[in-house]
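Notes follow once the structure below has been shown.
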Amino acid sequence: MNFPDTPFFQILYAIINTPGIGGIIVITLGLSMSTAVFLTLRWIARGSQAEESEIYAYPTTALHDHE
């Protein structure tokens, strides 16, 4: 892929193309995405186990005929 010939892209390519620094960046991105997915799934699982109270803060039309 051809990048524009600007100093910004030249420096960015030089940093990312370095095996050590590029590997650290890829590992950091992978760990952060995995952590985000794990925390999201844990949040969903904890929400499904929450106890729901049967007392409503306000009456709704669906509850008038329901006892």
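Readers should treat all values here as calculations from the given coordinates under stated rules, not as data from a laboratory. Everything numeric in this text was worked out from a predicted model, so none of it was measured. So basically every Cβ, Gly included, is an ideal-geometry build from the backbone, and we count neighbours across all protein chains shown.
Once both labels are positioned 7 Å from their Cα atoms along Cα-to-Cβ, the gap between Phe38 and Glu52 label points is 3.1 nm.
Net length available on complete extension from Ala45 to Thr28 is 3.6 nm, with 0.36 nm assigned per residue and the Cα-Cα distance removed. Note that segment 19-35 has calculated 3J(HN,Hα) couplings of x, x, 5, x, x, 5, 5, 5, 5, 4, 5, x, 5, 5, 5, 5, 5 Hz, one per residue in order, obtained from phi through the Karplus relation 6.51 cos²θ - 1.76 cosθ + 1.60 (θ = phi - 60°); glycine and proline are x.
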